[in-house]
Amino acid sequence: MSKLSDRLGRPIRNLRLSVTDRCNLRCQYCMPEAEYRWLPKDDLLSFEEIARIVDQFTKVGVDRVRITGGEPLLRRQLSVLIQALAERAELRDIAMTTNAVLLEKHAQELKDAGLHRVTVSLDTLDPETFQMLARRDDLERVHEGLRAAREVGFENTKIDAVAIRGVNDGEFAELIGYGKSVGAEVRFIEYMDVGGATRWRMDRVVSRARILEILSAKFGSIRELPRHDAAPADRFELKDGTTFGIISSVTQPFCATCDRARLTADGMWFTCLYAETGTDLKQLVRSGASDEALHEKLIEVWAARRDRGAEVRAGMKDRAPLAELANLRANPHLEMHTRGG
Ligand code: SAM
Ligand code: SF4
Ligand code: SF4
């Protein structure tokens with residue numbers, strides 16, 4: 001395998017595959033608007049096209065794939081794609097991030113198809129807060145989805161919770177306890193000023209330091225665990241051995257070790273969550289480019305990569321949402337739900 005590195009010496013290892021830009025929730029921190037402009041259906045990559053592109057990514061170093069969206073379980077026959085990915089021995093880890101509303105229905109077939117792990121996004125255990133935040137009354141279905149994931153045998157399940165001041169900062173301890181009860185490790189994510197987060201404000205971010213302060217007031221001393229890889233979460237342990245994570249993209253960004261690439265459902269490849277432009281791999285694939293040409297393109301783009309979006313933003317004085325609404329309307333590829341979180 002080639003030893004491809006970008007301009008800052010970072011390899012490419014993780015590929016986040018967005019399989020749809022649609023979603024069945026409307027989280028305030030991701031999709032706060034009343035209406036969205038969707039990607040044209042004909043532009044969506046077929047599973048064959050995705051698999052072909054993934055094969056080229058594995059040749060340059062990718063060995064982990066995360067299926068995401070939008071809500072990935074809205075993509076029809078997703079398990080067919082997962083099965084195709086599971087057949088690729090180069091992929092050591094095939095995970096999915098989902099809001100779990102449809103997980104109960106699909107858990108068994110996903111497991112059978114060869115999905116390794118699921119990460120469930122769940123920010124609150126309070127039905128009213130859930131309704132306010134996600135703007136759908138689906139909390140019970142998320143619980144059922146998590147139960148089903150465990151029942152069919154998924155292990156290493158994570159629960160990702162975006163921490164928002166005044167919304168869920170009173171229930172961090174309960175979330176950790178809930179995670180324990182369903183066999184999942186909770187990770188708190190600092191609320192990010194990504195595309196789509198038009199309601200973002202710095203004073204709504206609950207920093208890593210504040211999260212630790214809140215949790216140690218409740219649980220006593222907290223030990224930080226040593227890091228083993230380039231995963232975005234720092235991990236911690238409570239006195240009783242319970243572990244949890246914090247993804248501090250706002251106050252302590254981790255761009256220096258970022259090995260992640262993102263492919264949208266219509267084949268745009270972004271080398272950073274905050275990147276303004278991407279590379280149109282669909283156009284290459286549909287214009288008859290050879291595997292060699294695709295391979296060369298991946299090398300060319302990654303070798304030139306300098307992105308450190310979150311670090312650059314952390315250095316900004318008057319930080320405001322990344323993109324204005326008019327900009328997002330004109331270019332849906334800027335949206336987190338298109339780009340894949
Ligand atoms: N719909 C699926 C879900 O919610 O799990 C997958 C896609 S979603 C875009 C992926 C992740 O991005 C979710 O865990 C979500 O919480 C996170 N996310 C979206 N907007 C965010 C923001 N402004 N700040 C931090 N995390 C965000
Ligand atoms: Fe949908 Fe996930 Fe965005 Fe929530 S975070 S609106 S579930 S894509
Ligand atoms: Fe990677 Fe960009 Fe996120 Fe930094 S901001 S960790 S470079 S995706």
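Summary table below
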| read-out | value |
| --- | --- |
| Span per principal axis, largest first, for the Cα atoms of the range 14-88 (Å) | 41, 24, 19 |
| Surface share of carbon and sulfur [accessible, 1.4 angstrom probe, percent] for the range 14-339 | 47 |
| Value of relative contact order over the range 258-298, rounded to a whole percent, pairs C-alpha under 8 Å and six or more apart | 26 |
| Ser5-Arg117 pseudo-label distance in nm [points 7 Å out on the Cα-to-Cβ vector] | 2.5 |
| Ranked by how many other beta carbons lie within 10 Å on average, peptides 82-88, 107-113, 282-288 from highest | 107-113, 82-88, 282-288 |
| 14 Å beta-carbon shell around Gly153, net charge (K/R +1, D/E -1) | 0 |
| Proximal charge balance of Asp126 [Cβ under 11 Å; K/R count +1, D/E count -1] | -4 |
| The range 127-185: translational diffusion in µm²/s, Stokes-Einstein, Kirkwood Rh over Cα pairs, 4 °C, 1.567 mPa s | 105 |
| Separation in nanometres of the label points that stand 7 Å from Cα toward Cβ, at Arg37 and Asp229 | 3.8 |
| Paramagnetic reach from Glu292 in the range 59-74 [backbone N under 18 Å; point 7 Å along Cα→Cβ] | 59-60 |
| Helix 47-60 axis, angle to the chain major axis (alpha carbon atoms, nearest 10°) | 90 |
| Length released on extending from Arg26 to Gln252, taking residue separation times 0.36 nm less the Cα-Cα span | 78.6 nm |
| Residue list for the range 274-289, given a label point 7 angstrom along the Cα-to-Cβ vector of Met316 and an amide N cut-off under 17 Å | 274-277 |
| Rule-of-thumb Rg ratio for the chain [Cα; 2.2 N^0.38 Å; N residues] | 0.95 |
| Share antiparallel - DSSP beta bridges, the chain, percent rounded to 5 | 30 |
| Scattering profile of the range 193-341 at q = 0.17 Å⁻¹ [log10 I(q)/I(0), Debye over alpha-carbon scatterers] | -1.06 |
| Estimated 222 nm signal from helices in the chain, with DSSP H stretches of n ≥ 4 weighted -39500 (n - 2.57), rounded to 500 | -9500 deg cm²/dmol |
| Label point distance in nm, Met202-Glu109, each placed 7 Å from Cα along Cα→Cβ | 4.8 |
| Accessible area (Å², per residue) of the chain, counting only protein heavy atoms and a probe of 1.4 Å | 44 |
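The values are calculated or read from the model by the stated rules, or taken from the named source; none is laboratory data. Small disclaimer: the values here were computed from a predicted structure and weren't measured. Glycine also receives a Cβ, built like all others from the backbone with ideal geometry; neighbour counts cover every protein chain displayed. The accessibility values were calculated without ligands, DNA or RNA, using every heavy atom of the protein model including side chains. Shrake-Rupley method; radii C 1.70, N 1.55, O 1.52, S 1.80 Å.
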